[in-house]
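Visitor: Mind looking over this structure? Questions follow.
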Amino acid sequence: MAALAVCWMFEIVSISGVSAVAATPTILAAVALGLGVSMALAIGPIASGIEPQVSAYVRGRGTGDARRSNRSRLPALPIAIVFAVFGAMLVGTAALLFWESAMRAKTVEQPRFEHAITLGYVAYGGAPAVPAGAVTAETLARTATQPPLYSPLFSRIDFGFSYDMTSQKTLSVTGYGGAALRIKAEDGWERTIALLSAQPLAGPHVTMWATLDLESLRSVISGVEFGTGSHSNWYDLTIVPVVRLTGDLGGEHIDETYGPEFRWRYDAARITPDAALRKSEVHNVQATIQVSRQLHAFGQSMRFSVARWMALLAGVSALTLGAGVTAWARRGGARSAVAPTRMQMIVSFMTPAQTEDAVAAGVGDEPPAG
């Protein structure tokens, strides 16, 4: 029973939250020893109790009450054997599961760092140059729409570019930033003009400002169409802020350039901004991590570390039940063997003649006294 106590101690420690990784070879050896003794405790009494009970049942020795007692005890033996076999199978399964590692290596992509640029703008027009209202990613998220911009009413648009580089590692970077405008006409011609010349930047969070002069834009369009003889109904205006940063990322040298594109549409009546005012790009790196293995059976899944302790618990419980059934059957047999003897004493006191015949019938097979 001390071995069973050792096994139950490991079960309680497991359930209380100790990781299965802590099951070192020493612990496994102790568990194996405890299980071996437990199986001996369960199967030994079964083996020793089968032979005399079956022999007595087959030869028909003893009184009628004793034979009935043997018949009542016999069904308990197959039950005990079933418990023992089932417990041994579960313990063997638990041993195999403990032999295997509960963790497995998995290659995953983890974020190394992220670029992000958020665009905000204010359009100005009219004689007093009254702004139409600032539009940012926050106002767009709140209203879900951008106000209409009528081309004839505005003379310039001020842009604000908010750049952020984020990472779980320490960042120390410097670099340069600027912005350009690419014009592409309906009939295919393209021109690129500078919105903001390169300027030094420091740190992973910077803000840049640029202005688009709509009168200058119209002059560029008119000059190209006059020289080429072409005419377009609309023009794509692609705003490209560019940031290049170099420095240190968690002890690793980096040299990164980020230049997202914000596409606007311009025609004689309206200016249609890009629907998204925030662009981002995540740079990932492959890493190997350890994850818990899953055991799949009958359409269900369970963590490997949990399954092996459950198998061990069920196996030890089955072996304990087998030992208990065997002990119960043997105690019942001992009581049945004593009961007829007391009954004979009572009957012999009441009817001596009949008792002598019964006793004679019970001991007729014994050799005569010397």
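Visitor: Which residue, chosen from GLN286, LEU313, GLY229, occupies the Cα position most advanced towards the positive end of the dipole of the stretch 164-315, where the dipole is computed from +1 (Lys, Arg) and -1 (Asp, Glu) charges on Cβ about the Cα centre?
Guide: After comparing all options, I get LEU313.
Visitor: Quote to one decimal, in nm, the extra length available between SER230 and THR207 on full extension: 0.36 nm per residue of separation minus the C-alpha distance between them.
Guide: Roughly 4.4 nm would be gained on extension.
Visitor: At GLN286 and THR143, where each label point lies 7 Å from the Cα along Cα→Cβ, what is the point-to-point distance in nanometres?
Guide: If labels sit at GLN286 and THR143, their model points lie 4.7 nm apart.
Visitor: Could you tell me which of rounded, prolate or oblate describes the stretch 154-298, using a ≥ b ≥ c as the square roots of the eigenvalues of the alpha-carbon gyration tensor, with rounded for a/c under 1.5 and, failing that, prolate when a/b is larger than b/c and oblate otherwise?
Guide: Note, shape of the stretch 154-298 comes out prolate.
Visitor: On to the next question. Lysines within cross-link reach of LYS279: Cα-Cα under 20 Å, excluding same-chain residues under 8 positions apart?
Guide: Output for LYS279: empty list, no partners.
Visitor: Tally Lys and Arg at +1 and Asp and Glu at -1 over the other residues with C-beta under 15 Å from the C-beta of SER280: what net charge comes out?
Guide: Here the charged neighbours net out to -3.
Visitor: Out of the stretch 192-276, which GluC sites (Glu not before Pro) are coil in DSSP terms and have no more than 16 other C-beta atoms within 10 Å?
Guide: GLU261
Read-outs: derived from the displayed coordinates by stated rules, not from any lab. Being a predicted model, the structure only gives us computed values, none of them experimental. Neighbour counts run over all protein chains shown; Cβ positions are idealised from the backbone, glycine included.
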